[in-house]
1. Please list the three semi-axes, largest first and in whole Å, of the ellipsoid equivalent to the chain, using sqrt of 5 times the eigenvalues of its alpha carbon gyration tensor.
2. How much area per residue is accessible in region 1-72 when the probe is 1.4 Å and only protein heavy atoms are counted (Å²)?
3. So if each residue of separation counts as 0.36 nm, and I subtract the Cα-Cα distance between Thr63 and Ala28, what length gain in nm does that give?
4. Given springs between every Cα pair under 10 Å in a Gaussian network model of the chain, which of Ser12, Ser82, Ser54 has the largest fluctuation?
5. Report the Stokes-Einstein translational diffusion coefficient (µm² s⁻¹, integer) for region 21-78, Rh taken as the Kirkwood radius over Cα pairs, at 4 °C with viscosity 1.567 mPa s.
6. Please identify, among Thr45, Thr55, Thr15, the residue showing maximal mean-square fluctuation in a Gaussian network model of the chain using a 10 angstrom Cα cutoff.
7. Within 13 Å, Cβ to Cβ, of Ser12, how many net charges do the neighbouring residues add up to if Lys/Arg are +1 and Asp/Glu are -1?
8. Roughly to the nearest percent, how much of the accessible area of the chain is carbon and sulfur, given a 1.4 Å probe?
Amino acid sequence: MTFQPLGTINASPPTNALVGTTPSVVVAENINRVGLILTNLSTGTIYIGIGNTSTLNAGIVITKDGGNWNMDRHTFSNQGISAVGHGANLIISIQEFIR
């Protein structure tokens, strides 16, 4: 069987968001999302919540210094993504793919 894409997929412009000790939305809900990659560019651990408020020491962990999380078919969601970290001004890099 040959893979048949379901239409054109585009990459949104890459962006960054600041993550702190208070949970905040870093990627808005997007009904056109078909993929997402988040990379931790900081020296502190970041925790994300999909469709829910993120919590320290729980949920999806993105380790420091380049740890990343790739949305796949088992974790796919169009919901917003919130993040919280161990420290202020942690940087998360965002690459979203849309239809």
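1. Semi-axes, largest first: 25, 13, 12 Å.
2. It amounts to 62 Å² per residue over region 1-72.
3. Going from the current span to full extension adds 10.4 nm.
4. Highest fluctuation of the listed residues: Ser12.
5. Estimated diffusion coefficient is 107 µm²/s.
6. Result: Thr15 has the largest fluctuation of those listed.
7. +1
8. 54 percent
The values are calculated or read from the model by the stated rules, or taken from the named source; none is laboratory data. All values derive from a computational prediction rather than experimental measurement. We place every Cβ from the backbone using ideal geometry, glycine too, and count neighbours over all the protein chains shown. SASA here: full protein model, heavy atoms, side chains in, ligands and nucleic acids out. Shrake-Rupley method; radii C 1.70, N 1.55, O 1.52, S 1.80 Å.
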